[in-house]
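Asks: Quick one: the structure is below, questions incoming.
The values are calculated or read from the model by the stated rules, or taken from the named source; none is laboratory data. Source: prediction; values computed, not measured. Don't worry about glycine lacking a Cβ; one is built from the backbone with ideal geometry, like all the others, and counts go over all protein chains shown. Surface areas here come from the heavy atoms of the whole protein model, side chains and all, with no ligands, DNA or RNA. Shrake-Rupley method; radii C 1.70, N 1.55, O 1.52, S 1.80 Å.
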Amino acid sequence: MYRPIGPGFFKQPVLELAPALLGQYIVHETPEGLAAARIVETEAYHGPEDRAAHSFNNRRTKRTEVMFADPGRIYTYQMHTHTLMNVVAGEEGTPHAVLIRGAEPVEGLELMQDRRGWHLKIPDLTNGPGKLSKALGVTMESYGGVWYEEPLFIAPGPGLAGELKAGPRVGIQNTGEAVHYPWRFFEEGNPFVSKYR
DNA sequence: CTCCCGATTCGG
DNA sequence: CGAATCGGGAGA
């Protein structure tokens, strides 16, 4: 049904990979069932030169280690009580990554509602990076895995259904000029794009 | 809109 | 040990 995209897809520069991920599927297979969503919002983090990136100045710690590995690796990290999902991009050794921030449910909607709560409106299931991880059942156990093999993978999708837009990234501050870099990419008007703060 | 929650990391 | 964090939820 859903087939993982080839490993080569992730070798492109992070500022190209981030928009290229829009319109693709993110799929997670678990014992509870399969959940899939079409990605509608991403952000690029440009490692060494990007003050907003965890890997700024090539900061290499246990947490950021996976960003220095080969492209296509899964970088997950904890933010408060939530898990955020990133795709390692570009060349091995350069700590670039794309944060997946929003996606539109395609399959397994009821499973997502089980995980997120049935009182929520549909867009609120997945219109934010922490919400999306929870809806898909992704945890820190995925850290270090790859996005081109089961059970958690990117699959070729139908592409964008609306106009591609770019703008400043969400939730970063005290990062100088990096605050303004237009490295957030999203499908205009889609309700599964997270809210800007 | 405001407040509040709180896991983990990292720097000092 | 303290501060900060690529967020989310609840309640006016």
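Asks: For region A:138-158, give me each residue that is open to solvent by 80 Å² or more (accessible area, probe 1.4 Å) and at pLDDT below 95.
Replies: A:Glu141
Asks: Separate question: Tell me, please, whether a residue that is assigned to a strand (DSSP E or B), within 28 Å of A:Tyr181 (Cβ to Cβ) and of a type in the set (Lys, Arg) can be found in region A:122-145.
Replies: Among the residues of region A:122-145, not one is assigned to a strand (DSSP E or B), within 28 Å of A:Tyr181 (Cβ to Cβ) and of a type in the set (Lys, Arg), which makes the answer no.
Asks: Can you name the condition, by its number, that A:Met79 falls short on among (1) more than 11 Å from DNA strand C (Cβ to nearest atom); (2) touching a residue at least 12 places away in the same chain (Cβ under 8 Å)?
Replies: For A:Met79, the failing item is (1).
Asks: Given the conditions (1) crowded, with 20+ Cβ neighbours inside 10 Å; (2) away from DNA strand B (no atom under 16 Å from the Cβ), and given that A:Gly33 satisfies all but one, which numbered condition is not satisfied?
Replies: Condition not satisfied by A:Gly33: (1).
Asks: Checking the conditions here, which among A:Glu65, A:Glu104 is open to solvent by 10 Å² or more (accessible area, probe 1.4 Å), more than 16 Å from DNA strand B (Cβ to nearest atom) and not aliphatic (A, V, I, L, M)?
Replies: The conditions single out A:Glu104.
Asks: If you take the residues in region A:82-111 that are of a type in the set (Asp, Glu) and in contact (Cβ under 8 Å) with a residue 24 or more places away in the chain, which one is nearest to A:Leu22 (Cα to Cα)?
Replies: Going through the qualifying residues, I end up with A:Glu104.
Asks: If you go through region A:16-25 one residue at a time, do you hit one that is within 23 Å of A:Gly189 (Cα to Cα), small (Gly, Ala, Ser) and buried (at least 23 other Cβ atoms within 10 Å of the Cβ)?
Replies: Yes, region A:16-25 contains a residue that is within 23 Å of A:Gly189 (Cα to Cα), small (Gly, Ala, Ser) and buried (at least 23 other Cβ atoms within 10 Å of the Cβ).
Asks: Search region A:54-76 for residues being β-branched (Val, Ile, Thr) and free of Cβ contacts under 8 Å to residues at least 60 places away in the same chain, and hand back the single one that is farthest from A:Glu43 (Cα to Cα).
Replies: Looking at residues that are β-branched (Val, Ile, Thr) and free of Cβ contacts under 8 Å to residues at least 60 places away in the same chain, I get A:Thr61.
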